[in-house]
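The values are calculated or read from the model by the stated rules, or taken from the named source; none is laboratory data. The structure displayed is predicted, hence computed values, not measured ones. Positions of Cβ are generated from backbone atoms using ideal geometry, with glycine treated the same way; all protein chains shown enter the neighbour counts.
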Amino acid sequence: MSRTLTLIRTGWDSIRSIAASGRKADALAQLELLLVRTDVPTDIAAEGHQLAGTIALDLGRFTTARRHLKAASGFDVTDANTRYLTGRAWEEDPEGCDRKAAIAFRKATLLDGTNPLYRAAFGRAAARCGQVRRGVCEMTAAAEQAVDDVAVVRIAVNGLLELGKLGKARSVLAKAMFLRPGHSELSTAWERTKFEAARRNQRRVLKTRENTRYAQDAQFAREGDRVLLPFIRIADGTSTASGPSVRVDTVSFPRPHFDRLRISKLDR
């Protein structure tokens, strides 16, 4: 029995070394083989499932990640990081669920209320689920709590830009760039914020022009004057030998709008 445990721990150490070297696919494959054993110690099983979930999340295998993270949370229900990773597995999956992601992030914040990363992630997920006011409050509070944390600022700014809160996003970025001047990611986010502001302003100008033109046309029509359209030729209805003739037969007249007027004098 002791020899089996020694082999399991040796294999576990080897898997962690493989994962640390960047060979994540190989590490996940060996973890899958290790975790199906029934004689794996509890501590290795808990850490192994969490590591497998993290690796699967990095590889984009979201269903596998959720399966391992669910198993890991069964070993330790008080681990906030496992809940946070579960939320990411739901959020980053193209076929995932924002509501389930928000629930997982909420559980992470309840287990560790001092972590601004969990709070920012929950705020963005809550806003995507329709709780806009609460989401904005959570994201701005998390950014205020960790202004120098680029990961927190990234989540908060992206969430605020999704909601169109350009002023709040600029405020968060200005404080972060003051503490980290010249940071490439923050500079890119600042340029994106400026672009979104310019695009919104352009849309507002075009909408104003369109509404102004419609208002002018409506006011002109209310004055009782006639509007001369360029593709309409006005004729007095008389026919001359030299000039063009205007049709006055039945076909040239518009059809009446009411059923009782369909038979006119010209049709009799």
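Listed values, structure above:
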item	result
Residue list for region 75-91, restricted to those being of a type outside the set (S, T, N, Q) and assigned to a helix (DSSP H, G or I)	F75, A80, R83, Y84, L85, G87, R88, A89, W90, E91
Pick from region 34-74, criterion more than 33 Å from the chain's Cα centre (by Cα) and surrounded by 13 or more Cβ atoms within 10 Å (Cβ to Cβ), ranking: nearest to A104 (Cα to Cα)	A45
Filter pass, L163 being of a type in the set (A, V, I, L, M) and more than 16 Å from the chain's Cα centre (by Cα)	no
Unique match (being in a helix (DSSP H, G or I), closer than 21 Å to R88 by Cα and not charged (D, E, K, R)) among V152, V205	V152
Residue ranges of helices (runs of 4 or more DSSP H) in region 1-62 with at least 2 members acidic (D, E) and touching a residue at least 40 places away in the same chain (Cβ under 8 Å)	none
Selected residue [surrounded by fewer than 10 Cβ atoms within 10 Å (Cβ to Cβ) and either touching a Phe, Trp or Tyr at 6+ places or on another chain (Cβ under 6 Å) or at pLDDT 80 or above (or both)] from P230, P181	P181
Residue check, G130 at positive phi and either among the hydrophobic types (A, V, I, L, M, F, W, C) or outside any helix (DSSP H, G or I) (or both)	yes
Top-ranked residue in region 107-116 [being touching a Phe, Trp or Tyr at 6+ places or on another chain (Cβ under 7 Å) and assigned to a helix (DSSP H, G or I); ranked as surrounded by the fewest Cβ atoms within 10 Å (Cβ to Cβ)]	T109
Qualifying residue in region 75-82 (condition: over 22 Å from A120 (Cα atoms), among the β-branched types (V, I, T) and surrounded by 18 or more Cβ atoms within 10 Å (Cβ to Cβ))	no
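Okay, residues lined up against (1) surrounded by 23 or more Cβ atoms within 10 Å (Cβ to Cβ); (2) part of a helix (DSSP H, G or I); (3) of a type outside the set (D, E, K, R); (4) in contact with a helix residue (DSSP H, G or I) (Cβ under 9 Å, 6 or more places away or on another chain):
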{"residue": "E95", "(1), (2), (3), (4)": "no, no, no, yes"}
{"residue": "Y118", "(1), (2), (3), (4)": "yes, yes, yes, yes"}
{"residue": "V136", "(1), (2), (3), (4)": "no, yes, yes, yes"}
{"residue": "D148", "(1), (2), (3), (4)": "no, no, no, yes"}
{"residue": "A156", "(1), (2), (3), (4)": "yes, yes, yes, yes"}
{"residue": "A176", "(1), (2), (3), (4)": "yes, yes, yes, yes"}
